[in-house]
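Chemist: Below: one structure in structure tokens.
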Amino acid sequence: MSRLQYLFLVIFLLFFVSKSKAKEELEAEEEFSEALLLRPLPDRKVLAHFHFQISVPPTQTYVRHHHLFPKSIYQLVQKFRIRELELSFTQGRWNYERWGGYDPISSSVAKPPGVELWAVFDVPKNQVDSSWKNLTHALSGLFCASINFLEDSTTYSSPEWTFRHSGNSLRYGTLPREAVCTENLTPWLKLLPCRDKAGLAALMDRPSIYRGSYHSQKLHITVKEYGAVESNSGIILQQTLSVVLQPPNLGIPSKSKLQPSWSLSSLFGREVSGKCILSKSSHVYIQFEQNLVSELKRLEEATKASNTEVLSSGFSSNNPSFELSVSPNRVIKEVASSDKGTSVLFEFSVDHYRDLKPFDLKLNWKLPASWSCEQAPFHVSRFLMGSGNERGAIAISLTSTGKNVYKQGATEGGVCHFRVNIFQFVPWYVKVYYHTLRIYTDEQLQPAEGLVEKMRVSPSEDKVSPGVMEMVLKLSCGVKTAALTLEFDKGFLHIDEYPPDANQGFDIPSALVNFADFQTKMHFVEDDSLENAPILSNLKETRPVLAYTEVLLVPLTTPDFSMPYNVITITCTVFALYFGSLLNALRRRIGEEERLLKDKERRKGPLTMLLSRLSAKLRGKPIEPPEPSSSSTSSHLVSRKLISKILLVAGVAAIWQFYLE
């Protein structure tokens, strides 16, 4: 009986252990979520922000074989020991004045034109550059782009203060002129479990996306497997696509203040036929930012059409300002803070929609609304000064947007101030003189020692490294305008270093301005359901307020590319005539041809000779016997002609060579 009890005890323990392991594996499984956030913009446009996230547990607790996580990305992470990576393809420029710059969405969506890549490696210092070069080649083949051009040491740098990560393990590079097309979007979509065949990704109609005013697709990888601190996050892959679209007006005058009504089918030309079957959550959100919410409340008070709150959790379908074709599953209100109002998110779940019943959300405006997006504390712009192809100057201008900066600014000695980090790097052929730095505040020249808190400069080296400048400015809270200028000389390139469109000019990448004392995030009421939506978790994260400047187009001294072409063509023509005539004269054998003709005549039969004699008698002409001395005479004449031709061609070639020297 004791043995039987012991056997039952062992079986029970094995069953309990297997159940616990199964539970752990269930908890530590891969997760995929998809979301779409739609936001009306003040200039009658709509921002569509797609967000896809795939998370995989650490390798120590999870096998290397993945069901959802793309194998190509996992191999990149493991081979190059990537700790964090961000790659973006952008077409157009984010309009900070109209579309905002002081909220989590705009801080993450706004990217410089072209390709931007930065990565943090977990390798020794002497292996960072080689890992970066190999990574650029791998990403270039993966996304069908010219990212491999970033392998050159003249195209990337290592910032220290601008990004969250510091040290020598960060590399940053950008290609301002890289064109973005469907060849880059297709491999990006192939990383999704359902690609663009199902779920929210099915809305990505190529013509609808690329006719937008702004388009940016981004890939962000966060790896928490490395390091001494253990984490349960493992690898997180975030793919975002942000598009600014112009809805059809449908008869509304362009000067009218009434916002155009739109739907998913009018924006993308498609409807949502259900979620991706592999996704854990699939939601569509409509966001009304705080200034729009204040405007809607003002319109409600003006119309006095309802006594209930417009944006209450109960949601009134007969709203006096707007109307939604589908009732939201939930209305998420942001917690009011002291420095700004509240924004509202309408959440719609697409879990229960199918092909026979597609999801087509429509927003219909009833009353005209006018508002402005939340602005960053300063509007940043960059431009060139000077004229000519010899020298010039770069100017960066900061103009106050009227935002109250005293709350975020620091106070030292009774004086309020705030910090601005500026990072820019220029190609080596733009030789910047950093000692010519001039700083102006409110149009008054100020000594740099009193405004520059710290500065790091790496002068450019010809064909080796670019010029890099990182600066932390310490400005007073009452400053309205600030500007800094740097003079530079334009270098000369070798003829082989010019691009095919050299006359268009050369690009200086966008400068990055970071307002260090200003951070943005959305405040929601703590709710466990928010954790199941990764896009809401990202909106709750604290983000720095960033701004990218314009890409500068610098004209350099360009040689006349037609002159080498003309010289090459005429030289090839002369040499062709010379060698053609020479070879023709040397290879021709006239004496041999005459001998062959005589042999042919000798081979004529008697019948042929008889006919020739008869023909000669009928014509009254004597029969002429062959002259034996004709061959020698003709050979003599030919030899003279041959020698004269050779001498003539040789003389022309000698004269041409003399004039070339």
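The values are calculated or read from the model by the stated rules, or taken from the named source; none is laboratory data. Quick caveat: nothing in here was measured; it's all calculated off a predicted structure. Note that we place each Cβ from the backbone using ideal geometry, even for glycine, and neighbour counts take in every protein chain shown. Remember, those area values only see protein heavy atoms, side chains included, never the ligands or the DNA or RNA. Shrake-Rupley method; radii C 1.70, N 1.55, O 1.52, S 1.80 Å.
Chemist: Share of the range 378-554's accessible area from carbon and sulfur, percent, 1.4 Å?
Modeler: 49 percent
Chemist: Asn95's amide H: which non-local residues (gap 5+, or another chain) put their own amide H closer than 5 Å, with H modeled 1.01 Å from N in plane and none for Pro or chain starts?
Modeler: HN-HN under 5 Å from Asn95: empty list.
Chemist: For a Förster distance of 25 Å, can you work out the FRET efficiency between the beta-carbons of Ala393 and Asp129, rounded to the nearest 0.05?
Modeler: 0.20
Chemist: Determine the per residue accessible area of the range 28-365 with all protein chains present and a 1.4 angstrom probe, expressed in square angstrom.
Modeler: 41 Å²
Chemist: Using 0.36 nm per residue of separation minus the Cα-Cα distance, give me the extension gain between Tyr498 and Val567 in nm, one decimal.
Modeler: Working it through step by step, the gained length comes to 22.9 nm.
Chemist: Report the Cα centroid-to-centroid distance between the range 484-535 and the range 414-461 in angstrom, as an integer.
Modeler: Taking the Cα centre of each part, the range 484-535 and the range 414-461 sit 17 Å apart.
Chemist: OK, next. What order do you get for 379-386, 491-498 when each peptide is scored by the mean count of other beta carbon atoms within 10 Å, highest first?
Modeler: Descending mean neighbour count gives 379-386, 491-498.
Chemist: Using a probe radius of 1.4 Å on heavy atoms only, what accessible surface per residue do you get for the range 479-519? Whole Å² is fine.
Modeler: The answer is 44 Å² per residue.
Chemist: Could you compute how much accessible surface Phe575 exposes when probed at 1.4 Å, giving the result in Å² to the nearest 10?
Modeler: Rounded to the nearest 10, that gives 100 Å².
Chemist: Taking 0.36 nm per residue of sequence separation and subtracting the Cα-Cα distance, how much length would be gained by fully extending the chain between Arg164 and Arg270, in nm to one decimal?
Modeler: Full extension from Arg164 to Arg270 adds 34.2 nm.
Chemist: Return the FRET efficiency for the residue pair Asp351, Glu97: r is the Cβ-Cβ distance, R0 is 30 Å, and the value is rounded to the nearest 0.05.
Modeler: 0.20
Chemist: Moving on to the next point. Give me the orientation-averaged projected area of the Cα convex hull of the range 378-554, in nm², one decimal.
Modeler: About 14.3 nm², averaged over all directions.
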